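Values in this text are rule-based calculations from the coordinates and carry no lab data. Bear in mind that the values here come from a model prediction, so they are computed numbers and not experimental data. Cβ sites come from the backbone with ideal geometry, for glycine too, and all protein chains shown count toward neighbours.
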C-alpha cells in the first residue's frame, strides 16, 4: 500500500521550502533592481526641478537639460553656500530626521508643520556666467492628509515666481490633489513673493479667485476649491521656506553678492 503523502511533516517541509524560495527570489529581485530604482528616483527628481523652472526641450534628454543646472548646498543658519555636505549624496528628508543634521522647530515658528528642519538644503541654479537667471528651491509642508514635497522656482530677481510643482503628497484626489492640476499650476508664474525692499513673504492662496484689479493681486493665487486646509498648507509652506527661517537670508545674501 502506497505511503500517505499528506502527512503534517511533509506539508510543513513543502511550506518552509516555498517560503525560503520566495524569500530568495524577492531578495534577489530587490538587490538586482535597486540600481534601477535609484536611477529612476534621480531622474524623477531632475524632471521635477526642470518642470518647476519651466525648462523643456523635447529634442533633449532630462540629463542633457539638467546639465545647465548647478547644485549647491546652503547653510540655512548663515544663508550662505557651504561645503560641509556633499550634494551628490545628501538627502534632506533623511537629514531632517537626524538630530545632528537638523533642528527642532518651536511651535510658533513651525507654520509648515514639519517639526524638524534640515540644517543644510540643496538649491539649484541656472546661470549665465556669474549672472543668476533662475533659482529652484526645495519646499515642503503639511497639507490636510500629508506632507507635500515640491520645488519653487524664482527668476533672477529672486522675487518673481517661475513655477511651483509637487512631486509627492497624499492629498484628496479632486480636492487638495488639484495641486497637480496644470491649470492651477499655471496661475503661479509671474507672482511676486515679496514687496519691494522687503524679505517678508507675502505670497499666499486666497479663498476664491484673485481679482486682477486688486493692489495685492501680484501676491495672491486662487485657492483650491473645497480644499481649504490644503490651500492653507500650501500658503504656510511657501511662507515658511521663503521666510526668515527658510531661504530668505540666503536670497538676501545672493542678491547682495555675499554668498
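Key figures
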item: Label-point gap, in nm, between residue 83 and residue 71 - each point 7 angstrom along Cα→Cβ; result: 1.8
item: Top of 60, 46, 207 by mean-square fluctuation, Gaussian network on the chain, Cα under 10 Å; result: 60
item: Percent RCO, i.e. relative contact order, over the chain, from Cα pairs under 8 Å lying at least 6 residues apart; result: 16
item: Residue with peak Gaussian network fluctuation, the chain [Cα springs, cutoff 10 Å], from 226, 165, 129; result: 129
item: Degrees, to the nearest 10: 228-241 long Cα axis against longest axis of the chain; result: 70
item: Listed residues 156, 174, 141, most fluctuating in the chain (Gaussian network, C-alpha, under 10 Å); result: 174
item: Residue 229-residue 202 FRET efficiency (beta carbon distance; Förster radius 25 Å; 0.05 resolution); result: 0.75
item: Bins of 5 Å from zero: percent of alpha-carbon pairs in segment 108-259; result: 2, 9, 19, 24, 20, 15, 7, 3, 1, 0
item: Stokes-Einstein D (µm²/s) once Rh is taken as the Kirkwood radius of the chain over alpha-carbon pairs, at 37 °C in 0.692 mPa s; result: 159
item: Calculated FRET value between residue 133 and residue 180, using beta carbons and R₀ = 25 Å, to 0.05; result: 0.40
item: Set of segment 113-142 residues, backbone N closer than 12 Å to the point 7 Å along the Cα-Cβ line of residue 253; result: 120-121
item: Computed [θ] at 222 nm, helices only, for the chain once each DSSP H run of length n ≥ 4 contributes -39500 (n - 2.57); result: -10000 deg cm²/dmol
item: 14 Å tail of the calculated P(r), segment 7-67, as % of Cα pairs; result: 70
